[in-house]
Amino acid sequence: MRRQEQHGGERGERIERREDREQEDSSDIRFEASMCYLRGLCFAKQNAFDRARDCYKDAVRIDVQCFEAFDQLMKNSLMSPAEELEFLESLDFDSVSSPDPTVAQEAADFTKMLYTTRLSKYSSPTILSNATETLSTHYNLSQNPDILLSRAETLFTQCRFPEALELTSSILSNAQSNELAVASNGMPAHNHLGHAPGVYPLHLACLYETGATNALFLLAHLLADHAPEESYTYLAIGTYYLSVSKIAESRRFFSKASLLDPHSAPAWIGFAHTFAAEGEHDQAIAAYSTAARLFQGSHLPQLYLGMQHLALNNMSLAHEYLSAAFAMSTGSAPGTAYVPTPDKSLPMPLGGDPLVLNELGVVYFHQNNLTPAVELFQQALNLANSLHCEQGAWVATRANLGHSLRRMGLHREALLEFDDCLRVGAGGNSMGYAPFLGGGSGGSNSVANASSVGGYEDRGLLGSIHTSRGLTLLELGRAGDAVAALHEAVRVLGASGGGEAAGGAGTAGTLLGRALEIWAEEGREQDRQVIEEEEEEVEEVSQPTHSRQGSSSSRARETRRERPTPGESRRRGGRKEAYQEQWTDEVTHAATPQSMEPTPPTMEHQTEMDLDGEADGLLRRALDRIRPPRRRQAVPPHPDTVMSDTPVRARGHRSNRSQSQPQ
């Protein structure tokens, strides 16, 4: 018995020592991962981002639960989307320990899905949506702030700004209420408001996109009072000044935010946007280049560099930057570029930023390569549909497609695209897009006093679409419809204020004047045709009876000529009386004996006249048998009398129709 107790005690000691060794090993692993993480922070402070990235990756490989290192990799965009996905697949999630061995595998899958929600929202939309859906439903994390933030980022990339704003607002409101409850219990509140500093850049971008300048003003003051030393406070102030077009003040606060946090991508990009807004392309290129060096995994600096070179008409450099940006956004291998081909020999990559395809199409359009431009615009629209993007945000891309089709001579297809632009624009959707601090205006239920800011203005874009539609109608020969479209363009652009809209209104006005001239010339040409037709009919009336009878078939064809439409008759209503007076004079002149003098009949004509007389006698005898005697005198005694009444009936009919028209 004593031996058994002694043996049991030794076995328990061995188990305890093994657990101690495992704990020591786990502690050593965590300590080593922490050292790698701290080493990465030191390299990042020295702007040695390549070495910092390697240290962060080593920390996560040593301890897959070192989330701080993984978070630094993701939020600072130190890896491209392709590298992010490859790195995630290389991690050993099976090493995740759990007190219950039966749920160890589930814990590993849970950790992997949490990491998946931090990946790029452009390259792998299917993987991201599956992970978010599983965490929301199976693990009941639909209201978790991290999951809500991931969903809000996805909605923002889809240009669904009001929905993303609702999610970010709910995150901040819940966190603020919790902090107020903690502060009321006598404990000090944190030095920041909201869930975490990472939610503020996205929330500020959503406020800017929806035009909520009042909400931006209040939030900037709130952050300035409670978190005056945080970089996102000055980011909020700079975003507000940018929304009210105070560019100099905005640049100053963006610069302050970048000094407080040199690794803040929104601060650097916002700082570069201020130069782009003033047309300082060289300064903007320098700022975007710095952002591209700091955030090597983000495609946005490459995209904006391509836009600036496009504005400077450097098409080769713009194409190079935009191709690299699209390859980066799709998760392709570094150094690859997508080049469109008319025969579609290269497959369209899944995922990516549709805006990059739109800008590539603009480059091809300016190079007069219309076929690849049309293909890129169509692929951008298809990609936006596959990503469930807001349709109103891609009106400009559809208008670009219409311009390309018009220049290719496909006027009917271009007119359909412009009509679709107006149909989508009439729905009240947002009509502008930029991934961060871009243009557009929309609406939100939580924002009562939203106003349009920056980028494409709704009225200016709609007015330009009306102008393009009027030009297309002119090329189709529909001058009347073109006049209506250009008149609407002048009205919309004239109500847009100054700036580029005023220049667009001048262009539309010039085209409207030209369209009115063409329409008036068409009206005069149609009037001349009507006069010629009427003169021909009068000449036929003035001819002898036997001549009319000999050419009955040709006269029947001429009388079936097309008459002017009621709209043309209304347009020429002021000239009808002159035409009728001229008609009456000619008929009166034609009825004079000099014009009705018959020529000596030939033998054939005499035979025809004899046959006509016999037929006329048979007709009178037949009518005498069926009509009362008092109405027999109403029967025309000769065919010449019946034919002489034809112009009078036609003139009376035209007169009645003109009297029924509106004055």
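Taken together, the values in this text are just the output of simple stated rules run on the coordinates, not laboratory data. The structure displayed is predicted, hence computed values, not measured ones. Note that we place each Cβ from the backbone using ideal geometry, even for glycine, and neighbour counts take in every protein chain shown.
Points to keep in mind about this one:
- Neighbour-count ranking [beta-carbon atoms within 10 angstrom, fewest first] of R469, R528: R528, R469
- Local electrostatic count at L155 - Lys and Arg +1, Asp and Glu -1, tallied over other residues with Cβ under 12 Å: -2
- From least to most packed, judged by other beta carbons within 10 angstrom and beginning with the fewest, L360, L88 follow the order L88, L360.
- Fewest-first ranking of E475, E537, E521, using other Cβ atoms within 10 Å as the exposure measure: E521, E475, E537
- Of the peptides 44-52, 200-208, 140-148, the ranking by mean beta-carbon count within 10 Å, highest at the top, reads 200-208, 140-148, 44-52.
- Too-long pairs where the Cα-Cα distance tops 29 Å, listed order kept, from K121/K246; K75/K112; K45/K246: K121/K246; K45/K246
- Values of log10 I(q)/I(0) for the range 24-144 across q = 0.13, 0.17, 0.18 Å⁻¹ run -0.56, -0.91, -1.00, by the Debye formula with one identical scatterer at each alpha carbon and no solvent.
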